[in-house]
1. Restricting attention to the range 130-165, and to residues there that are among the polar types (S, T, N, Q) and assigned to a helix (DSSP H, G or I), which single residue is nearest to ASP208 (Cα to Cα)?
2. Does ARG90 satisfy the criteria of being buried (at least 23 other Cβ atoms within 10 Å of the Cβ), modelled with pLDDT under 95 and among the charged types (D, E, K, R)?
3. Do you know which residues across the range 247-261 are assigned to a helix (DSSP H, G or I), touching a Lys or Arg at 6+ places or on another chain (Cβ under 7 Å) and surrounded by fewer than 24 Cβ atoms within 10 Å (Cβ to Cβ)?
4. Please go through the range 117-140 and pick out each residue that is over 15 Å from the mean Cα position of the chain (by Cα) and basic (Lys, Arg).
5. When the residues of the range 262-308 are filtered to those that are crowded, with 16+ Cβ neighbours inside 10 Å, of a type outside the set (A, V, I, L, M, F, W, C) and assigned to a loop (DSSP other than H, G, I, E, B), which remaining residue is nearest to the chain's Cα centre (by Cα)?
6. Which is farther than 27 Å from ILE127 by Cα and small (Gly, Ala, Ser), of SER229, SER198, SER150?
7. List the number of the failed condition for ALA227; all other conditions in (1) crowded, with 18+ Cβ neighbours inside 10 Å; (2) at pLDDT 95 or above; (3) touching a Phe, Trp or Tyr at 6+ places or on another chain (Cβ under 6 Å) hold.
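The values are calculated or read from the model by the stated rules, or taken from the named source; none is laboratory data. Not measured: the values here are computed from a predicted model. Here the Cβ positions follow ideal geometry from the backbone for every residue, glycine too, while neighbour counts run over all protein chains shown.
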Amino acid sequence: MRDGAEFVGAGCYRCLPMKDQAAKAKLTRTAGRLSLAAALVLGLGGCTTLGKPNATSQEAPLRDTSQANLTSLSEIIDTHPDDPQAYNMRGTVYGEAGRTEQALADFNKAISLDPNYAQAYANRALIYRKTGRLDLALTDDNKALTIDASYAPAYLGRGIVNREQGRKNQALDDFNKAISLRPDNAEAYYNRGLLYQSERQHSFAIDDFSTALGLTNQNYDAYVARALSYLAIADNKSAAQDLDVAVQSDPLNLRAWTSRGLAYERLGQKDKAAGSYAKALNINDKYQPAKDGFARVGGRIGQTYPTF
């Protein structure tokens, strides 16, 4: 799953003067398309069709929008090669498209042009984190906060690194700070919830996942995470309800199907549990938790089971 942080590029955290009004207007239009791309990402997450989505029909609008952004931003950079904001924005498009090395190059360029560009440091930290270079990510988040001690995304990013490296108290401090600065930031609540969950503080975790979902119910990983905490406290009905949403929205989520099987198994609905385990095994027939669950509820290969 995604770790919860997002690239920041469409909002002007630190808008530097442009050389002319036409270029500035073009950059503003491109920022608008970046916002549209983000909306399309959220829209794709709501698919309720079971089975593998049609890649062509589902991904083409986002791909087309991203290419339009890249074209516009590259034209601006060609005309204004000393504009750090344009490099930062193009880096966000590359990053969202998974083109991490190109994103890294753009963030490097933005920082070389403006060594006090906190947003570019935080975005580069996200690239480092996504590619497993956690120490470099930590250095960049710290740098961003040295430049701007009120920059919430850097606290969120640093909190994720601290959590992944086992510094749980520091992670909690960072998530709390991110939330105090941006109480509308769903990702901060979600990530703090993961921290609470890892410490078996499931009531706190459920509260944070619920807040995150209240702010944006499109984070389907939060439904799975909240369901796991519900399962941990034996609230199996609530877990099943969350996992119903999760599997309809992300039909290839192996963990969601397997956890849903466990929830319905505990509720005594063995056929529905078998159907969920079977769905998981259709995704990965070697996944042992699904194999064990399917066997426990008496599942038989070749038999049809209800899923809803």
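1. Restricting to residues being among the polar types (S, T, N, Q) and assigned to a helix (DSSP H, G or I), the top hit is ASN162.
2. When the stated conditions are applied, ARG90 passes them.
3. none
4. Answer for the range 117-140, where residues must be over 15 Å from the mean Cα position of the chain (by Cα) and basic (Lys, Arg): ARG124, ARG133.
5. The selected residue is TYR287.
6. SER229
7. (3)
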